[in-house]
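Here is the structure we will look at, set down as structure tokens.
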Amino acid sequence: MTSSTLRIASRRSQLAMVQTHWVRDELSRAHPGLAITIEAMATQGDKILDVALAKIGDKGLFTKELEAQMLVDRADIAVHSLKDLPTNLPEGLILGCITEREDPADALVVHERHRDRTLATLPEGSVVGTSSLRRLAQLRHHYPHLVFKDVRGNVITRLEKLDAGVYDCLILAAAGLTRLGLGDRIHELIDPAISLHAVGQGALGIECRDGDTAVLETIAVLEHQPTARRCLAERAFLRSLEGGCQVPIGVNTHFEADELVLTGMVASIDGQRLLRESCRGPASDPEAIGVALAGTLRSQGAGEILEEIFASVRPES
């Protein structure tokens with residue numbers, strides 16, 4: 001970064017560009033005179049659309065091409081959906097800030113023929129589209145009479161498949177639909193009692209080079225401390241379980257006075273086994289809460305469930 005220019009790396013999907021343009025506009029407002037450029041590119045996760053995400057592996061599936069641009073000094077920051085950003089970053093890179101979170105809930109989007117139904121009243125055999133093992137495991141646990149089918153592509157492509165009748169409904173992130181101006185497609189927000197959301201869901205993570213003081217000072221205006229504390233607890237929980245973005249681990253966080261309450265879940269893919277617990281602690285030390293909750297679930301057998309999952313969805317070579 002020069003004193004007057006900031007270079008942003010972004011995925012080129014429609015949602016990624018909406019998010020990146022929001023970051024650009026917020027920084028431009030905060031720093032008049034700062035020239036901001038955007039380098040958009042496709043990531044591995046964007047290119048491979050005929051294989052389930054869990055079978056590809058999730059080591060930087062949607063992030064490593066953007067990170068490479070920063071490591072060779074062709075970009076200063078990368079804008080990510082925080083849920084896609086691995087909890088262990090490449091050497092030399094850090095999570096510079098976390099933006100204010102949109103609603104992190106999962107959302108039900110239905111085909112027109114089911115406009116009078118809810119998730120709980122969908123008929124037996126209804127086909128649910130999702131590419132998330134987390135959603136799959138939880139919904140199988142609560143609604144074993146439904147049929148689940150993998151769905152890939154960007155949000156618009158998925159909605160087109162739904163409207164064409166390939167699926168009876170989709171489960172998508174409410175935040176993504178809202179950011180794309182498609183909030184009217186949300187038929188139902190799924191209660192956390194049914195589906196805990198992904199780690200970091202609804203927030204943006206701004207990644208940058210470690211020690212790049214000028215960049216860190218520039219992006220500091222985007223930091224939202226309450227969101228950051230919630231997401232740091234969630235990411236510590238995921239990291240402590242050695243889980244990735246494509247495993248059935250879900251979370252929910254909220255504040256009670258000066259305490260942060262983190263609820264976490266680990267489930268088998270078939271939904272038969274589901275472990276769920278909560279942990280609370282000082283909001284000023286969120287990572288300790290995540291680590292403590294991970295330890296509790298490990299003591300209940302979460303490690304064994306995750307080992308079985310890793311073995312069953314080992315990336316294809």
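What the table below lists for this structure:
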quantity	calculated
Inverse mean reciprocal Cα-Cα distance (Kirkwood Rh) of segment 75-225, Å	16.8
The chain: angle of helix 225-240 to the longest principal axis, Cα-based, in degrees nearest 10	60
Degrees between helix 14-30 axis and first principal axis of the chain (Cα, 0 to 90, nearest 10)	40
Cα-based equivalent ellipsoid of segment 203-317: semi-axis lengths in Å, sorted from largest, via gyration tensor	28, 20, 10
Computed label-point distance, nm, for sites Glu242 and Phe310 using a 7 Å Cα→Cβ extension	0.4
Relative contact order (percent, whole number), segment 186-317, Cα cutoff 8 Å, 6+ residue spacing	24
Å² of accessible area per residue within the chain, as computed with a 1.4 Å probe and no ligands counted	43
Cα-based radius of gyration of the chain once divided by 2.2 N^0.38 Å, which approximates compact folds	0.98
DSSP loop GluC sites (Glu not before Pro) with at most 11 other Cβ within 10 Å excluded, longest remaining stretch of the chain	125-315
For the chain, built as a Gaussian network whose Cα springs stay under 10 Å, the top-fluctuating residue of Pro104, Pro248, Pro144	Pro144
Surface share of carbon and sulfur [accessible, 1.4 angstrom probe, percent] for segment 69-218	46
Net charge, Arg117 excluded, C-beta distance under 14 Å - Lys, Arg +1, Asp, Glu -1	-3
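The values are calculated or read from the model by the stated rules, or taken from the named source; none is laboratory data. These figures come from a predicted structure and were not determined experimentally. As a convention, Cβ positions derive from the backbone with ideal geometry for all residues, glycine included, and neighbour counts pool all protein chains shown. SASA here: full protein model, heavy atoms, side chains in, ligands and nucleic acids out. Shrake-Rupley method; radii C 1.70, N 1.55, O 1.52, S 1.80 Å.
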